[in-house]
Amino acid sequence: MSKSSFEQNGGSYRMVGNYIIPNITLPVETNKPLGVWGLKRKDFLMQHKRVQFNIMLMNGTLWNHLAEVDEQASDMFYRLVEQMKVNEGIAERLKEQSPMEWVAQMNNIKVRATKTINSEFIYT
């Protein structure tokens, strides 16, 4: 009997009861812990880029991609927040003098930084 194209390309089969099942395994991926940015990217891919998500999952590149996006987005978020604080003159002195004003301005900065990260890394 001639070999199937699966066997010609290095595949093999196993018997399970009366069935012949191909031995297929996914590549081993390291599951790095994901932060908020990696999880948001995963949700976006699952909901809006289903084909890309499945291809990356089958290739074994999904978790590395998500971990990389998470790391880059976190770094950029903290850099943006610090730059905006300096540019807008928000200092520790304001925190001591008017804590509520400081919180309002910091929340505003964080929202703007989050929007930038979402448009640059998450929803593309």
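The values are calculated or read from the model by the stated rules, or taken from the named source; none is laboratory data. None of these values were measured; they are calculated from a predicted model. Virtual Cβ from ideal backbone geometry, glycine too; neighbours counted across all protein chains shown.
Return yes or no: is MET58 closer than 30 Å to THR25 by Cβ, within 19 Å of the chain's Cα centre (by Cα), surrounded by fewer than 17 Cβ atoms within 10 Å (Cβ to Cβ) and in contact (Cβ under 8 Å) with a residue 12 or more places away in the chain? Yes; evaluated as a whole, the condition is true for this residue.
To keep it simple, each residue is scored yes or no on (1) within 22 Å of ASN107 (Cα to Cα); (2) in a helix (DSSP H, G or I); (3) not basic (Lys, Arg).
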| residue | (1), (2), (3) |
| --- | --- |
| LYS3 | no, no, no |
| GLU7 | no, yes, yes |
| THR25 | no, no, yes |
| ASP43 | no, yes, yes |
| VAL51 | no, yes, yes |
| ILE55 | no, yes, yes |
| GLN72 | yes, yes, yes |
| TYR78 | yes, yes, yes |
| VAL86 | yes, yes, yes |
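Yes/no matrix, rows are residues, columns are (1) closer than 18 Å to THR116 by Cβ; (2) surrounded by 11 or more Cβ atoms within 10 Å (Cβ to Cβ); (3) touching a helix residue (DSSP H, G or I) at 6+ places or on another chain (Cβ under 7 Å); (4) without any contact (Cβ under 8 Å) to a residue 40 or more places away in the chain:
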| position | (1), (2), (3), (4) |
| --- | --- |
| ARG14 | no, no, no, yes |
| TYR19 | no, no, no, yes |
| PHE53 | no, yes, yes, yes |
| SER74 | yes, yes, yes, yes |
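Of all residues in segment 92-123, those being within 22 Å of ASP75 (Cα to Cα), in contact (Cβ under 8 Å) with a residue 12 or more places away in the chain, part of a helix (DSSP H, G or I) and of a type outside the set (Gly, Ala, Ser) number 12. Considering segment 21-48, the residues that are among the hydrophobic types (A, V, I, L, M, F, W, C) and exposed (fewer than 10 other Cβ atoms within 10 Å of the Cβ) include one that is modelled with the lowest pLDDT, namely LEU26.
When segment 86-117 is limited to residues that are basic (Lys, Arg) and modelled with pLDDT under 95, the one that is farthest from VAL36 (Cα to Cα) turns out to be ARG93. Candidates are the residues of segment 76-91 that are of a type outside the set (A, V, I, L, M) and in contact (Cβ under 8 Å) with a residue 12 or more places away in the chain; the one that is nearest to LYS115 (Cα to Cα) is PHE77.
Confirm whether GLN52 is within 31 Å of the chain's Cα centre (by Cα) and modelled with pLDDT of 90 or more. Against the criterion (within 31 Å of the chain's Cα centre (by Cα) and modelled with pLDDT of 90 or more), GLN52 qualifies.
Identify all residues within segment 78-122 that are within 20 Å of the chain's Cα centre (by Cα) and loosely packed, with under 12 Cβ neighbours inside 10 Å; write none if there are none. Within segment 78-122, TYR78, ARG79, VAL111, LYS115, SER119 meet the criteria.
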